[in-house]
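Taking it in order: structure first as structure tokens, then the write-up.
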Amino acid sequence: MSTARDGTSTWKSDIAFALLAALLLLALNAHAGFPQLANPAGDNDSLLQLVEVRDLMGGQGWYDMHQYRMGPEGGFVMHWSRLLDAPLALAMLAASALTGSTALAEKTVQILWPALQFWLAVLFIIRAARAFAGAHAVLPAAVVGGAALYYIGIFSPGALDHHNIQLVLTLASLALLLEAPRHRPAALVAGIGATLTLAIGMESAPYAGTLGAVVALLFLARGDGERLIARDFGLGVAGVSALVFVTTIPLSSWGQAQCDTFSIVQFAVTGLAGGGLAAIASLKFANATGARRLMSLGLLTVGIAVFAALLFPQCLAAPYANLDPRLQQMWLGYIEEAQSIVQLVADDPARAVARFATPLVAIVLMALHLGHGGWRRQDSLVGALLVVAVVVSAWEVRGSTFSIAFAVIPLSAWIAKWRQRAAASPSSGSVLRMAAAWLISVNAIWSGAAEAASSAFDTDAPAIDASIDAPCNSKASFATLGTMAPTTVLAISNLGSPILAFTGHRVLAGPYHRNVAGNLLVFDALLGSDAAAKAIVESHHVGLVALCRGNTESRLFAAKAPDGFLAGLMHGQVPDWLEPVAGTAGSPLELYRVKSSS
């Protein structure tokens, strides 16, 4: 009974700690005036997520995932999930009913949704740190965790896309699995969370898969000590995967295999894995001895692998293996979150240090712990996730969002150890070591030091006027375009989502791998001759051309094709079938109207 009361008490204190961190973040953003709402800083995914929610609220079908205003006529089918659209739409409807204003409701949700995710992320980091290293790790987890989450930037006002909720669900699953030996329902809920993060977006598959693999391996090694945890986790995975399948995929598409979103492929794999694990953990003849567990789990693994290889071989290739070569070269290679560590070190070494320093320190700490203190159940869960996240981030830097968050847990344990030592044996040495542990664990310290060093060596870097919206990230840059009659706009892909979010127009290009036809059309128009651009404009009923000189994509295209249509516009060469829109010359977003006679 006392254990239950203690557990309730720790949850209350941890919730309060996390809430304090979230309120502090909210206060800082409020003091700044929520600038991210006016300048989303190129957050295309969050802007298109907002558009998708608006479309759903406007009557677009639950199963209809088309983005009709992007791509060629008819649009294209997005690979995102209604699992995120639903709570956002419900929140906006509730806020609209309370405020009487749809616009105010949108802003309210854009502010409160990321703040809610931040609170939950800090809470689960605290819970994980407590289970990993005890109560002394709670304060470091709250401070270092809050700073790390603030640094990675996916909890800023306006951040509606799937990245923050995927991290929250993964942290929740980790924390619950760490607590599962003491709290019976935790493993079931952890399985639910791991499946939901996968269903929302396939980029979290490595982490959901790692959690499942560690649960199975712990069951293999420990037998009855992990049997109920493995059974409940498997039931959570299998049950929710079936629920997601029937509620987000229309009956007519049940047999269609999609590798980049939840479909029959993911349902089959998660259903077999979760159901198989639950069955093995439930059947005595399959788990009575270590040898039987090894045989049973081995057969399950081989069965799933053979099943996937025979029925869905296309999904075993690299995610972008079949992408058009031109899109791989001119688009994918320049997406920041898709860059490898090699590209990042070459292009922005300061950012590479900021992204990889704390995860690598955390891995070293865990390796030292393995060498001196032995290995624990907690180390298996945290260590596996951390290593996998670092490997993923070396391939694509987006993985560092997860590795930075996971690193907080061993770093908090390290700080807690030196805090205890400094309190037990106060000395200048112990205090200095404690201070060093704090400083080394805070990601912003590494970021600031790396940027300072980079600036010191790069003395020729031009000064940037922050008052000028050179990349056209600000909502204000689209004000004139928003007042014009709806038409199709020819623009670079970086402008696709803002144009949809801030205006009533449609676009051909957008930074999404399924919009192949639309992106290739824009490549042909902007990189080709004036005549080629005119032919595409006429055949696809384009009414406006938008030019943002300061955007990196514009500069890339101009350098790639110095004699092309876009490069000519950037040099002031306006073809006779275009006319400048009055008042936009010299502005961040220059507009050109297609003459009706053409």
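Observations
- Amide H to amide H, with H built 1.01 Å from N, Leu508 comes under 5 Å of Gly71, Val489, Ala491, counting only residues 5 or more places away or on other chains.
- Convex hull volume of the chain per residue (C-alpha atoms, cubic angstrom): 178
- DSSP-defined beta bridges in the chain - what % are antiparallel, rounded to 5: 60
- Computed Kirkwood radius, in angstrom, where 1/r is averaged over Cα pairs of the range 509-561: 11.8
- Span from the the range 506-521 Cα centroid across to the the range 5-76 one, whole angstrom: 24
- Put simply, the amide H of Leu578, placed in the peptide plane, has neighbours under 5 Å in Lys595, leaving out anything fewer than 5 places away on its chain.
- Proximal aspartates and glutamates to Lys284, defined as alpha-carbon separation beneath 17 angstrom and excluding residues fewer than eight positions away on the same chain: Asp224, Glu226, Asp232
- Treating each Cα of the range 333-449 as an identical point scatterer and summing with the Debye formula, the log10 of I(q)/I(0) at q = 0.14, 0.15 Å⁻¹ comes to -0.63, -0.70.
- Stokes-Einstein D (µm²/s) once Rh is taken as the Kirkwood radius of the range 148-297 over alpha-carbon pairs, at 37 °C in 0.692 mPa s: 206
- Across the range 343-349, computed HN-Hα scalar couplings (Karplus, 6.51 cos²θ - 1.76 cosθ + 1.60, θ = phi - 60°) run 4, 5, 5, 5, 8, 8, x Hz from first to last residue, x flagging Gly and Pro.
- Additional length obtainable on full extension of the chain from Ile445 to Leu299, 0.36 nm per residue less Cα span: 47.8 nm
- Looking at the range 500-598, the trypsin sites (Lys or Arg not before Pro) that sit in a DSSP loop and have at most 11 other Cβ atoms within 10 Å of their own Cβ are Lys595.
- Per residue, the accessible area of the chain comes to 43 Å², computed with a 1.4 Å probe over protein heavy atoms only.
- The chain - percent of accessible surface contributed by carbon and sulfur, probe 1.4 Å: 66
- The range 522-598: relative contact order in percent, alpha carbon pairs under 8 Å with at least 6 residues between: 34
- Kirkwood estimate for the range 467-546, i.e. one over the average of 1/r between Cα atoms, Å: 13.0
- In order along the range 65-80, the Karplus-derived 3J(HN,Hα) couplings, from 6.51 cos²θ - 1.76 cosθ + 1.60 at θ = phi - 60°, round to 9, 5, 10, 6, 9, 10, x, x, 3, x, x, 8, 8, 6, 9, 7 Hz, and Gly and Pro are given as x.
- Over the range 43-164, the reciprocal of the mean inverse Cα-Cα separation, the Kirkwood hydrodynamic radius, stands at 16.1 Å.
- Cross-link partners of Lys534 among aspartates and glutamates (Cα-Cα below 19 Å; sequence separation of 8 or more within a chain): Glu73, Asp524, Asp563, Asp576, Glu579, Glu590
- Vicinal HN-Hα couplings computed from phi for the range 153-162 (Karplus, 6.51 cos²θ - 1.76 cosθ + 1.60; Hz; Gly/Pro x): x, 8, 10, 6, x, x, 7, 9, 6, 7
- Within-9-Å neighbourhood charge of Arg130 [Cβ basis; K, R +1; D, E -1]: -1
The values are calculated or read from the model by the stated rules, or taken from the named source; none is laboratory data. Predicted model, so just to flag it, every value in this text is computed and none were measured. Every residue, glycine as well, gets a Cβ built from its backbone with ideal geometry; the counts of neighbours run over all protein chains shown. Ligands, DNA and RNA are stripped out before the accessible areas are found, and what is left, the full protein with its side chains, is counted by its heavy atoms. Shrake-Rupley method; radii C 1.70, N 1.55, O 1.52, S 1.80 Å.
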